[in-house]
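Beneath this line is the structure, given in structure tokens, with notes to follow.
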Amino acid sequence: MKMKKRMFPVLMLLLFTVIAPLFLYTDTLSSFITTSSSKNDFIEDVSSFQSFGGSEKITQLNLLPQESINTLKEPIGVVYSDNSTNSIVGSGYITTTSAQTEVVCCIVELPLAESTEHIARVLSATNDEIESDKENPIKQVITDENVNDSLHKTISVDKVSDGADGKDKSSLSQDTSNNDATNMGTVTNEFSAQTSGNGGREEPRKNNIEKPSDQIVVQDARVRHLKDQLIRARVYLSLGATRNNPHFIKELRLRMKEIQRAVGDASKDSELPRNAYDKLKAMEQTLAKGKQIQDDCTAVVKKLRAILHSTEEQLRVHKKQTMFLTQLAAKTLPKGLHCLPLRLSTEYYSLNSSQQQFPNQERLEDPKLYHYALFSDNVLAAAAVVNSTVSHAQEQENHVFHIVTDRLNYAAMRMWFLANPPGKAAIQVQNIEELTWLNSSYSPVLKQLGSPSMIDYYFKAHRANSDSNLKFRNPKYLSILNHLRFYLPEIFPKLDKVLFLDDDIVVHKDLTGLWSVDLKGKVNGAVETCREGFHRFDRYLNFSNPLISKNFDPHACGWAYGMNIFDLEKWKRQNITEVYHSWQKLNNDRQLWKLGTLPPGLITFWKQTFALDPSWHVLGLGYNPSISQKEIERAAVIHYNGNMKPWLEIGIPKYKGYWTKFVDYNQVYLRECNINP
């Protein structure tokens with residue numbers, strides 16, 4: 001009995017020290033593992049407390065201190081954006097813009113739900129922070145709906161595809177070298193992938209962060225990279241430190257040969273062989289070795305500057321060479337075009353006098369008809385102009401062509417049009433020597449062209465003091481045919497209007513509408529060319545000379561020869577030819593303008609030119625490869641002005657078809673001279 005009395009205090013002590021704590025611990029633990037339904041019941045019980053005043057307003061529970069947001073805050077992250085717009089981190093909840101670099105601070109609030117442990121792991125939160133959150137049971141009581149609502153309220157989620165393409169459209173404004181900022185972008189991107197568009201369901205982590213959508217993609221970057229590697233390799237070959245390493249030099253030369261074979265003549269990535277990328281990587285490794293051997297940047301910079309200077313000098317020489325060869329090709333008469341006039345002349349002189357005459361000669365001086373003036377020594381070019389004009393004329397019998405050529409091509413030109421008459425149109429072929437009134441005593445330009453200084457300018461081998469621009473030494477400027485356009489009233493004294501055409505044009509539409517254009521009292525109707533900024537008076541005339549600067553506007557709009565409608569009646573009344581003569585005399589030493597007919601034309605017809613609609617005359621097919629097909633097809637006349645004439649091999653291929661379709665290459669004389677399209 002005494003033993004029982006002694007044991008009773010011991011049992012009570014054990015009860016309070018061992019069993020009671022176990023019971024209390026177990027009861028507390030059960031409160032942590034309560035299901036979501038019991039949590040809802042608990043909230044309903046807590047929310048049922050009302051004020052004693054009978055008000056329906058629910059009061060807050062004051063048993064425990066209240067917290068405004070039941071969340072875990074992520075440490076502040078700093079993201080640097082440089083020249084970015086709409087900088088977006090992760091799923092788009094950080095949006096800042098700046099023209100300069102700026103600091104962006106963000107706080108990500110993550111509600112504690114059933115996946116708290118997983119989120120804490122992603123955010124690399126400490127165990128102490130997790131445990132401190134568990135000590136507050138009220139903080140744990142949140143429903144699934146509250147989780148989703150809180151997520152959408154605290155995180156501004158950008159638009160994400162709903163499974164159609166399965167891609168995460170989040171992007172960073174810029175990849176930074178700061179590892180912390182990069183890690184933060186990765187973390188927020190992962191969390192966005194888990195929460196956006198899925199109602200809070202977990203998804204596999206997505207670590208890929210797309211590049212900004214406005215990033216410029218360099219075309220044919222691999223070809224450029226390979227060529228840059230060759231330049232870097234040449235630099236290492238010439239440096240002292242790398243030259244002293246024979247093993248490296250041998251390896252580098254081998255890589256250079258591989259790159260050269262891989263690149264070849266390729267100008268696009270699609271033209272590279274399949275193993276080009278392997279060669280690129282191998283060369284990159286070799287260049288990395290060279291960088292370790294030669295770590296002196298100063299020597300590399302000096303060598304690169306030397307290479308740049310040498311390349312610029314080579315470019316200058318090649319440009320000069322190209323200009324010379326282009327001018328030479330433009331001046332050179334192809335063998336077939338040299339054969340053709342000889343063959344035609346032989347045939348012409350075998351005809352009797354009656355066979356050498358053209359029909360319809362009575363129309364030549366009828367002012368009521370449509371008259372065209374063409375001055376050329378190129379038989380094939382003149383044929384293309386006449387054929388294209390006649391083929392688009394609505395009433396061929398009302399069109400008259402006046403061709404003036406030199407003595408060498410006179411018989412050939414007549415023979416061609418005798419063998420190939422221009423439909424129902426009338427044609428006249430004249431020899432310039434028949435114009436007896438045109439002599440050096442009357443024409444200043446004719447006197448200048450025969451002067452010793454002009455002959456010296458063209459034919460002397462030593463030209464140290466002459467013009468550096470080769471185009472001004474083109475022999476065509478020696479031909480008086482080029483200047484006949486200033487003597488139209490004298491050549492056609494009985495005509496009222498004449499349409500002047502160059503021999504390097506092709507007609508696409510009926511031109512009779514030009515005769516009905518009101519020139520507003522002006523003499524010359526032409527298409528202006530100042531749509532391109534450099535086609536103004538200061539391009540053609542020397543405004544450093546006071547005679548030019550006092551009389552003309554340097555910014556005045558230029559116009560084009562090649563298709564011009566001239567009112568010969570007004571020409572005669574205003575004595576335009578005399579104006580031309582006076583300025584030619586003043587330019588005897590070529591101080592006002594260089595050679596050619598457009599500069600004196602701009603002066604002669606100053607304030608006497610009416611601007612035609614640009615669709616009448618499209619220029620540039622002899623030098624500009626970027627003229628649109630739509631513009632060409634809309635034009636009434638297309639002009640092959642420039643060196644790349646369509647009858648030469650250097651002609652621009654895509655424009656040749658507009659010219660060749662008006663030349664009959666099945667004609668017997670063309671076949672005999674082996675002239676092909």
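The values are calculated or read from the model by the stated rules, or taken from the named source; none is laboratory data. Quantities reported herein were computed from a predicted structural model and do not represent experimental measurements. Virtual Cβ from ideal backbone geometry, glycine too; neighbours counted across all protein chains shown.
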Exactly one of A266, A282, A262 is in a loop (DSSP other than H, G, I, E, B) and either outside the structural domain of F248 (by TED's automatic domain parsing) or touching a residue at least 24 places away in the same chain (Cβ under 8 Å) (or both), and that residue is A266
How many residues of region 595-613 are surrounded by fewer than 18 Cβ atoms within 10 Å (Cβ to Cβ) and within 18 Å of P546 (Cβ to Cβ)? The answer is 1
Given (1) closer than 28 Å to G657 by Cβ; (2) in contact with a strand residue (DSSP E or B) (Cβ under 7 Å, 6 or more places away or on another chain); (3) not in a loop (DSSP other than H, G, I, E, B), R414 misses just (1)
Checked pairs for region 431-446, first more than 17 Å from F375 (Cβ to Cβ), second in a loop (DSSP other than H, G, I, E, B), C-beta under 8 Å and 6 or more apart or across chains, list as S440/G450; P444/N588
Residue pairs qualifying under the 8 Å Cβ cut-off, at least six apart or on distinct chains, with the first in region 224-248 being farther than 20 Å from T298 by Cα and the second being of a type in the set (K, R), are L226/K279; F248/K289
When every residue in region 286-305 that is surrounded by fewer than 12 Cβ atoms within 10 Å (Cβ to Cβ) and part of a helix (DSSP H, G or I) is compared, the one modelled with the lowest pLDDT is C297
Among helices (runs of 4 or more DSSP H) entirely within region 471-573, at least 2 residues that are under 34 Å from the mean Cα position of the chain (by Cα) and on the phi < 0 side of the Ramachandran plot occur in 537-540
